[in-house]
Amino acid sequence: MKLHVFVGSLMVTALGCGALGGSAFGLDLNSLSNADASAGLKKALDQGINLAVGKLGVTDGFLKNPKVKIDLPPKLAKAESMMRMLGVGDQLDQLVTSMNRAAEAAVPESKVLLKQALKQMSLEDAKRILTGGDDAATQYFKQATYVPLKAKFSFIVTATTEKVKLGATYDAIAKKAVTLGILKPEDATLQSYVTDRTLDGLFLMMAEEERAIRKDPLGQASSLLKKVFGAVR
């Protein structure tokens with residue numbers, strides 16, 4: 001089977017468009033070029049990036065979304081009740097809010113790196129994405145951008161959390177928790193914890209957008225996407 005036919009077929013099946021057949025969708029898959037296939041997939045993923053970043057990189061994008069909200073590390077949170085009894089409840093709430101604000105400030109900076117990775121996506125990458133799981137594209141972006149994104153986010157998070165008065169308190173408590181074996185070393189500082197959770201939230205949201213595209217590819221606005229996904233309304 002020719003490569004462009006293979007890719008076109010995969011786009012129909014992997015993204016949930018049902019059984020193949022030119023007559024069923026008014027489309028001759030043999031006419032689908034590699035350029036169209038690549039452009040269609042990249043267009044869909046570009047929209048996914050915009051939606052994921054747009055939902056998170058705004059006020060309350062993290063704080064009011066229970067799926068990505070950054071709370072105190074679970075093991076450290078075990079001491080939260082006692083700390084609140086000691087009268088620092090308002091400060092703890094302020095800390096949680098500030099951590100999420102830092103995440104919301106960092107996420108918009110991911111667009112450049114994510115779209116650079118999208119631009120560099122090869123046809124072989126596209127084939128692996130289409131034959132992979134529901135989050136195959138997200139995993140591609142994660143592999144391609146995680147390290148540079150972590151460095152970029154860390155810088156922004158550090159600048160933001162330096163303004164939080166409880167930053168030093170958090171670090172002191174966390175480091176003590178590490179020595180007691182109740183907290184992992186990577187969660188020992190406010191900056192590293194918030195940075196890691198920010199990345200987790202970003203890729204979780206990207207995976208949700210990817211699943212939405214796969215579930216309803218015909219919901220895409222672009223006529224090119226409709227062509228690539230094998231349906232014409």
Being aliphatic (A, V, I, L, M) and modelled with pLDDT of 75 or more is the filter here, so list the residues in region 164-206 that pass it.
Leu190, Val194, Leu199, Leu202, Leu204, Met205, Met206
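Please pick out the residue among Leu92, Leu72 that is of a type in the set (A, V, I, L, M, F, W, C), assigned to a loop (DSSP other than H, G, I, E, B) and over 30 Å from Arg214 (Cβ atoms).
Working: Leu92 fails: assigned to a loop (DSSP other than H, G, I, E, B).
Of the residues listed, the single one that is of a type in the set (A, V, I, L, M, F, W, C), assigned to a loop (DSSP other than H, G, I, E, B) and over 30 Å from Arg214 (Cβ atoms) is Leu72.
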How do the pairs read when you match residues in region 47-61 that are farther than 18 Å from Phe141 by Cβ and in contact (Cβ under 8 Å) with a residue 12 or more places away in the chain with residues anywhere that are open to solvent by less than 40 Å² (accessible area, probe 1.4 Å) and part of a helix (DSSP H, G or I), using Cβ under 6 Å and keeping only pairs 6 or more apart or on different chains?
Gly61/Glu104
Among Thr131, Thr59, Thr160, which is open to solvent by 50 Å² or more (accessible area, probe 1.4 Å), of a type in the set (Val, Ile, Thr) and at pLDDT below 90?
Thr131
Within region 58-101, how many residues are in contact with a Gly (Cβ under 9 Å, 6 or more places away or on another chain) and within 17 Å of Ser192 (Cβ to Cβ)?
5
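Yes/no matrix, rows are residues, columns are (1) at pLDDT below 85; (2) buried (at least 20 other Cβ atoms within 10 Å of the Cβ):
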position: Met83; (1), (2): yes, no
position: Ala102; (1), (2): no, yes
position: Leu114; (1), (2): no, yes
position: Leu118; (1), (2): no, yes
position: Ala151; (1), (2): no, no
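The values are calculated or read from the model by the stated rules, or taken from the named source; none is laboratory data. Please read these numbers as outputs of a predicted model, since none were measured by experiment. Positions of Cβ are generated from backbone atoms using ideal geometry, with glycine treated the same way; all protein chains shown enter the neighbour counts. Note: areas computed on protein heavy atoms with side chains; ligands, DNA, RNA excluded. Shrake-Rupley method; radii C 1.70, N 1.55, O 1.52, S 1.80 Å.
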